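S.K.: Can you keep this structure in mind? I'll have questions shortly.
Just so it is clear, none of the values below were taken in a lab; they were calculated from the coordinates. No experiment lies behind these values; they were computed from the predicted model shown. Using ideal geometry, Cβ is built from the backbone for each residue, glycine included, and neighbour counts are taken over all protein chains shown.
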Amino acid sequence: LPRLPIFEAIKKHDGKSIAVIHSLSGRTFTYGELVNDVAAAKDKLQKNANGKSTAGERISFLVENGYDYVVTLLSILAAHAIAVPLSPTFPAHELRYIIDQSESLMLLSSEKFQDKADDVLKEGMETSPINYKQEKIMMGKTDDYVTLEEPESDKGGMMLYTSGTTNRPKGVLLSQDILTAQSLSLLEAWDYSSKDVLLHVLPLHHIHGTVNALLTPLFAGSTIEFQFPFNATAFWERLATPFLPSPDPAKKPITFLTVVPTIYTRLLSSHSSLSPELQSASKTALHPSNMRLNISGSAALPTPVKSAWTELSGGNVLLERYGMTEVGMAISCGLSFADRVDGSVGWPLPSVQARLVDTETHEVIKEGEEIDPSTGRERHGEIQLRGPTIFREYWKNPEATAKEFVEDADGKGKWFKTGDVAIRRNVDGAGKSSQDWAHGPLYFIQGRMSADIIKTGGEKVSALEIEREMLSLIQVEEVAVVGLPSDAWGQKVAAIVVLSPEGKTAGRGGRPWSALDMRKALKEILANYKIPQELKVVDAIPKNAMGKINKKQLVKELFGKAL
Ligand code: ATP
Ligand code: MG
């Protein structure tokens, strides 16, 4: 495939094929319309820049999921500007922070978010030296086919702010080149095609929703059907429709899903409350003969969720992958079911170079050196990455940029320090498919260096590994494991648990499972030093829009301690 900027690539698709569908209204938009509307919107943007070139300028926008969002994003790219997608769910002062930090030339908003945009503009206006323009988008259609400029030394791209799980949001600059490299890598690995129909239910200010679920399928000429915000019943109804006794011919079978683990969890728990007819039709929809690929990522996939999905779908095994705002997708399981090993995120994707750097000795862990000979334990290493898909700088934050990259004596470029820890392990039977990037030892994510690697009494344990084991107990619905400061141990393992319906009656006399019961059960499955010394049962664990737990905040709220 040619290394074209995304908007050049979509011009090559069949103009009559469908690019975008609004699931609720059934409205469809072809690739031909999209190309024309993007070209018209681009002209409008450039006119609005008052004679200033839009090249390399940041343009923030607040637009709901759907066709207008796609037109807005692509028109900013076409104008060689840097698109900064904003989340309408953020409070005005946070949006204002992003607009100011990115020094946006304009804030675009759709009609739906005019009030929000006004609030954002009012926020701290007196102190701001920058005047923003507001622009109602929804560009009229043009009939002429407008040729877009050739992307010579393109200054444009996209800037996503990190979700702020561990830090103040940082602007991650992804140039057109990087976006194209990321799309081509995923295209090769996951085989997107013009035959794919993807149901899109994710927010559009994160890498998962924008690159994996939008730009890459557009690159491939797939159809993207928007259904937002996520609603489990509507989701199941849509999946089932083509397989009902009297299907709606306009609704094609969905072939591709890429969502976060919490969405799979919600889908699984709501399935049994569907009507028998919907239950059966949606099962048919999920069967591997109809549904090509179901992907999970952004947070660790609990094994019970994966198994339940395999069972419900009649054999559709979830594919787990690992990525982050700064690097797009980095490590992924393969298309062959045998390559989707439980607990593993697979192998470095095409054009991604990855290495593990021992968190203790700071040596690169070479293949074959995954076990520490002195302890017999698997070595923990920080994942470090380089290649054409990796970002090169945080916007206007040279200190953070300098801190996160490390030189290599081989002169082939710097490595980005992800801050995530993994182990690597060979697994029999995996890595034998025809996908040549998917072979060798598999990566198993152990969590974030800052929050998930717990040092207790001289032992190093992974919060993610303990969470995985605890989730295998039927009494446990959700769990977050953390390390709390301890005078005796350095850190001690603590777990915050949500009991499952079974767990709520599993204790003596039908009472909820107690900490004592839990400890007894955990003794059977965990080494002593991994068993949580503190167990706290709660009703729910708060998560952000991407289904992530902010452990720092959780520990502060529950234990009044800093992580
Ligand atoms: P911030 O950087 O602002 O603290 P964030 O790291 O949560 O926020 P993202 O870039 O959206 O922002 O998330 C990337 C992180 O998500 C990774 O660094 C990793 O810790 C986690 N992650 C992604 N995929 C997986 C996975 N399959 N298993 C476990 N963790 C994952
Ligand atoms: Mg991060």
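S.K.: If you plug each phi of region 550-561 into the Karplus form 6.51 cos²θ - 1.76 cosθ + 1.60 with θ = phi - 60°, what whole-Hz ³J(HN,Hα) values come out, in order, with x for Gly and Pro?
M.R.: Once rounded to whole Hz, the list reads 8, 5, 4, 5, 4, 5, 5, 5, 8, 10, x, 10.
S.K.: Assign one of three labels to region 264-337, namely rounded, prolate or oblate, based on the Cα gyration tensor with a ≥ b ≥ c the square roots of its eigenvalues; rounded applies when a/c is under 1.5, prolate when it is not and a/b is larger than b/c, and oblate otherwise. The partial results should precede the final answer.
M.R.: Working: a/c = 2.53, a/b = 1.82, b/c = 1.39.
Taking the square roots of the gyration eigenvalues as a ≥ b ≥ c, region 264-337 is prolate.
S.K.: Still on this model: Going by Cα centres, region 485-563 and region 387-430 are how many Å apart?
M.R.: Between the Cα centres of region 485-563 and region 387-430 lies a distance of 32 Å.
S.K.: Here's something else I'd like to know. Along region 424-437, what does the Karplus equation 6.51 cos²θ - 1.76 cosθ + 1.60 (θ = phi - 60°) give for ³J(HN,Hα), rounded to whole Hz, x for Gly and Pro?
M.R.: Computed from phi, the couplings for region 424-437 are 10, 8, 7, 10, 4, x, 8, x, 10, 7, 7, 7, 5, 7 Hz.
S.K.: Using a/c under 1.5 as the rounded threshold, could you call region 288-428 rounded, prolate or oblate? The axes a ≥ b ≥ c are square roots of the C-alpha gyration tensor eigenvalues, and prolate needs a/b larger than b/c, oblate otherwise.
M.R.: Values: a/c = 2.38, a/b = 1.47, b/c = 1.61.
Cα axes put region 288-428 in the oblate bin.
S.K.: Using only alpha carbon pairs under 8 Å that are at least six residues apart, calculate the relative contact order of region 1-68 and give it in whole percent. Please report the intermediate quantities before stating the final value.
M.R.: Numbers: 45 pairs, mean separation 18.5, N = 68.
So the answer I get is 27 percent.
S.K.: Continuing with this model, one more query. Given the C-alpha atoms of region 440-563, compute the convex hull and give its volume per residue in Å³. Could the numbers behind the result be given before it?
M.R.: On the way: hull volume 16.3 nm³, N = 124.
About 132 Å³ per residue, rounded to a whole number.
S.K.: Using Cβ contacts closer than 10 Å as the measure, can you line up 342, 452 from fewest to most?
M.R.: On the way: 342 14, 452 24.
If I rank by nearby Cβ atoms, fewest first, I get 342, 452.
S.K.: With a 10 Å Cβ neighbour count serving as the proxy for reagent exposure, in which order, fewest first, do 10, 76 appear? Don't skip to the end; give the middle numbers.
M.R.: Values: 10 22, 76 30.
Arranged by neighbour count, lowest to highest, 10, 76 become 10, 76.
S.K.: Checking the a/c ratio against 1.5 first, then a/b against b/c, what shape does the Cα gyration tensor give for region 7-117? Provide the component values of the computation, followed by the final result.
M.R.: Numbers: a/c = 2.42, a/b = 1.32, b/c = 1.83.
Oblate, because a/c is 1.5 or more while a/b does not exceed b/c.
S.K.: Which semi-axis lengths, in whole Å and largest first, follow from the square roots of five times the eigenvalues of the Cα gyration tensor of the chain? Please list the in-between numbers first.
M.R.: Details: eigenvalues 297, 162, 119 Å².
Gyration-tensor ellipsoid for the chain: 39, 28, 24 Å.
S.K.: What residues have an amide H closer than 5 Å to that of residue 420, excluding those fewer than 5 places away on the same chain, when H is modeled at 1.01 Å from N in the peptide plane?
M.R.: 383, 449
S.K.: Residue 395's amide H: which non-local residues (gap 5+, or another chain) put their own amide H closer than 5 Å, with H modeled 1.01 Å from N in plane and none for Pro or chain starts?
M.R.: Here 171, 172, 173 satisfy the definition.
S.K.: Let me ask something additional. What number, in percent, do you get for the relative contact order of the chain if the mean sequence gap of Cα pairs under 8 Å and at least 6 apart is divided by its residue count? Present the calculation step by step, with values, prior to reporting the outcome.
M.R.: On the way: 1128 pairs, mean separation 54.5, N = 563.
In percent, rounded to a whole number, it is 10.
S.K.: Divide by every residue of the chain the summed helix terms, -39500 (n - 2.57) for each DSSP H run of at least 4, and state the resulting mean residue ellipticity at 222 nm, rounded to the nearest 500 deg cm²/dmol. Walk me through the intermediate numbers first.
M.R.: Details: 15 runs with 154 residues, N = 563.
About -8000 deg cm²/dmol.
S.K.: As a footprinting exposure proxy, order 420, 115, 43 by other Cβ within 10 Å, with the fewest listed first. The partial results should precede the final answer.
M.R.: Numbers: 420 24, 115 10, 43 16.
Ordered from fewest to most neighbouring Cβ atoms within 10 Å, 420, 115, 43 come out as 115, 43, 420.
S.K.: Let me ask something else. Kindly provide the GluC sites (Glu not before Pro) of region 345-384 that DSSP labels as loop, not H, G, I, E or B, and whose Cβ sees at most 12 other Cβ atoms within 10 Å. Intermediate values should be presented prior to the final figure.
M.R.: Working: sites: 360, 363, 367, 369, 370, 378, 382; in loops: 360, 363, 367, 369, 370.
Here the GluC sites (Glu not before Pro) that fit, given the DSSP loop and packing criteria, are 360, 363, 367.
S.K.: Each residue of region 62-77 in order: what ³J(HN,Hα) in whole Hz does its phi give by Karplus 6.51 cos²θ - 1.76 cosθ + 1.60, θ = phi - 60°, with x for Gly and Pro?
M.R.: Ordered by residue, 3J(HN,Hα) equals 10, 9, 5, 4, x, 4, 4, 4, 4, 4, 4, 4, 5, 5, 5, 4 Hz.
S.K.: If exposed means no more than 10 neighbouring beta carbons inside 10 Å and the site is in a DSSP loop, what's the longest run of the chain without any exposed trypsin sites (Lys or Arg not before Pro)? Intermediate results must be reported in sequence, preceding the final value.
M.R.: Working: sites that count: 16, 52, 141, 366, 412.
No qualifying site falls inside 142-365, the longest such stretch.
S.K.: Right, next: Which net charge results when you count Lys and Arg as +1 and Asp and Glu as -1 among the other residues whose beta-carbon is under 9 Å from that of residue 378? If you can, show how the numbers build up before the last one.
M.R.: On the way: positive: 377, 379, 424, 425; negative: 370, 372.
Combined, the nearby Lys, Arg, Asp and Glu give +2.
S.K.: Check which residues have an amide H placed less than 5 Å from residue 156's amide H, if you skip close sequence neighbours.
M.R.: For residue 156, whose amide H was placed from the backbone, the distant partners under 5 Å are 56, 176.
S.K.: Now a separate question. Hull surface divided by four, with the convex hull built on the Cα atoms of region 154-270: how many nm²?
M.R.: Working: hull surface 35.6 nm².
Seen from a random direction, the Cα hull of region 154-270 projects 8.9 nm² on average.
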